[in-house]
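K.L.:
Before we start, here is the structure in question, set down as structure tokens.
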Amino acid sequence: MDLAIFSGAPFAVEAGSGKLLKSGSRMQLGNGERALFWHDPWLNNSALKTQFPRLFSIARLPLASVAAMAQINDRGCQWNIPWIRTLRIRDLEEWDRLYQLLLQVRFQEDKEDKMMWEPNKSGSYSVRSFYTELSKGSGSSLNPCLQQIIPKLWKNLVPYKIEVFFWLALQGRINTKKKLALLKILPMEEIICSLCKSDPEDTSHLFLHCPFAHEIWGWWWKMWDISWVWPSNLDQAFEQWAFPSSNKFFRKIWSSIFLVIVWSIWKERNCRIFNGQMNHPEYIQNLILVRLCWWVRAWKEPFPFSVEEVIRNPKSLFWKMEARNHPRKTRPSQPSLTWFVGASSLMQRGSLGGYLLSGDNRVICLFSTPCSPLPLNSAIVAATHRALQISLNIASIKSQPIRVVSSAWQVSQWCSSPEGGPSNLSFILNFIRSLHKKGMATSFGFLNGCGKKVDRMLSAKGLSRFSDVVVWL
Ligand SMILES: [Zn+2]
């Protein structure tokens, strides 16, 4: 069966879930080129090889597509299924039944064959529907703690294969050494944990109590300045896992990190067993942040930091999506002065520029400064800095609230928060942030297309973007 739509799932090793996936899927026939005649559930909701095992055992082309077995001509569809020998009387009984089914087949030449997931009404696969089906099978055996965990787990914060892996781990259904020994696959004397080489490897030891796991968890706790004591079991640990904060985004990070750490410990354990390779906890810690950042990108929040920035400063994960991200919706009190700043880079030359708008929408100042080519964000930080420096020089301007607006959303975030941003910009960012202390009321905003507006304004006043000028109007 083609499992492409479930790519990445660990089902090859999870017989129960694999069976479920197969029983829940159905191939919707289009032109018949993708569906495998014997293996895919394209006719009568199950594979022909299971409906007609006798015929399958004598099929000459067991991997042929549906289209390859059919000939469409003026008289309709004719089936031409090659066998390794002539059909015998007992085969004919199965063939009669199959033939009756084949008579009803209608191709849709203009469509491709499509795998459908039956439990979902739309036919498309979703983790929730898969989980619902999975728990139907094991529903009666779920302990109350697991029942409570369900809404906490299936949140789509990490790839579903990890949610499924964790769900199986919670139920003790992953192949730890202790479990393999209980199944008599591994001798009892070989169940020592591959990470610490001291205790038997079961789920709670591996993910919670193993000194290796403890080092990873300890790193995370220390980062947030908290101490934590694990209960004895993984399900209880996950149930208790919460971070009391009003920061919604960080609460999502907190929920996800549990799964990311557990998954990363499992990967390291496998790496040691199957590749004989041992990674240092520090390496795993970075890997955890890399994975987390990758998955955060799939969330709706526009988390502004790159993986490198998070590794350099993991505290940037405590990022808040604040109301000022939507300046048009919530602009509390319009400052009387607004700088619009922008930057551009042309071949070997870069330039910064900006114009200052008064409360009654008059342009009162314009500036333009050449600079070496910089990444856009850095250039806009420099432009913001320049605009504020100009404002500082004029007492009547300095005493009014000033807003600096640019088309770099990240820059408005960096300038608005007490820390964060690329380390090479710390000096300028700290200067911008410190203006508050000097009594200057500054705020920062984002406006799409602002850079172009700055360019237009400069050229309308006859200024080249590469001249170094400040003009008061
Ligand atoms: Zn261990």
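What follows draws every value from the coordinates through simple rules; no lab data is involved. Everything numeric in this text was worked out from a predicted model, so none of it was measured. So basically every Cβ, Gly included, is an ideal-geometry build from the backbone, and we count neighbours across all protein chains shown.
K.L.:
Output the 0 to 90 degree angle, nearest 10, between the alpha-carbon long axis of helix 450-460 and the longest principal axis computed from the alpha carbons of the chain.
P.N.:
Roughly 40 degrees, rounded to the nearest 10.
K.L.:
Shape call for the range 338-473 from the C-alpha gyration tensor, a ≥ b ≥ c root eigenvalues: rounded (a/c under 1.5), prolate (a/b greater than b/c) or oblate?
P.N.:
oblate
K.L.:
Just tell me which aspartates and glutamates come within less than 20 Å, Cα to Cα, of K184; anything on the same chain fewer than 8 places away is out.
P.N.:
Straight-distance partners of K184: E14, D199, E201, D202.
K.L.:
Let me ask something else about it. Could you tell me how many degrees, from 0 to 90 and to the nearest 10, lie between the Cα long axis of helix 89-103 and the main elongation axis, the longest principal axis, of the Cα atoms of the chain?
P.N.:
40
K.L.:
Next up: Three principal axis extents, largest first, for the C-alpha atoms of the chain, in Å?
P.N.:
The principal-axis extents, from largest down, are 103, 70, 40 Å.
K.L.:
Something else: What is the spin-label model distance, in nm, from S372 to V105 if the labels are put 7 Å beyond Cα along the C-beta direction?
P.N.:
Rounded to a tenth, the inter-label distance reads 6.9 nm.
K.L.:
At 0.36 nm per residue, minus the direct Cα-Cα distance, what do R88 and Q71 gain on full extension? Give it in nm, one decimal, please.
P.N.:
So the extension gain works out to 3.7 nm.
K.L.:
A further question on this structure: Dipole size in debye (nearest 20) for the range 138-245 around its Cα centre, Lys and Arg Cβ +1, Asp and Glu Cβ -1?
P.N.:
Value, rounded to 20: 280 debye.
K.L.:
How many percent of all Cα-Cα pairs in the range 142-317 sit more than 27 Å apart?
P.N.:
26
K.L.:
Based on the mean of other beta carbon atoms within 10 Å per residue, what is the order of 52-59, 231-238, most packed first?
P.N.:
My ranking of the peptides, most packed first, is 231-238, 52-59.
K.L.:
Something else now. What shape does the range 162-225 take by its C-alpha gyration tensor, where a ≥ b ≥ c are the square roots of the eigenvalues and a/c under 1.5 counts as rounded, a/b above b/c as prolate, and the rest as oblate?
P.N.:
oblate
K.L.:
Add +1 for every Lys or Arg and -1 for every Asp or Glu among the other residues with Cβ under 12 Å from the Cβ of K179, and state the total.
P.N.:
That sum, taken over residues with Cβ under 12 Å, equals +2.
K.L.:
How long is the gain from S246 to C196 if the chain were fully straight, where each residue apart is worth 0.36 nm and the alpha carbon distance is subtracted?
P.N.:
Extra length available between S246 and C196 comes to 14.3 nm.
K.L.:
If the cut-off is a Cα-Cα distance under 19 Å, which aspartates and glutamates reach K49, setting aside same-chain residues fewer than 8 apart in sequence?
P.N.:
Excluding near neighbours in sequence, the set is D2, E33, D40, D91, E93, E94, D96, D113.
K.L.:
May I pose another question? For the chain, what is the mean residue ellipticity at 222 nm derived from helices alone (per DSSP H run of n ≥ 4: -39500 (n - 2.57); sum divided by total residues; nearest 500 deg cm²/dmol)?
P.N.:
Calculated from helices alone, the mean residue ellipticity at 222 nm is -12000 deg cm²/dmol.
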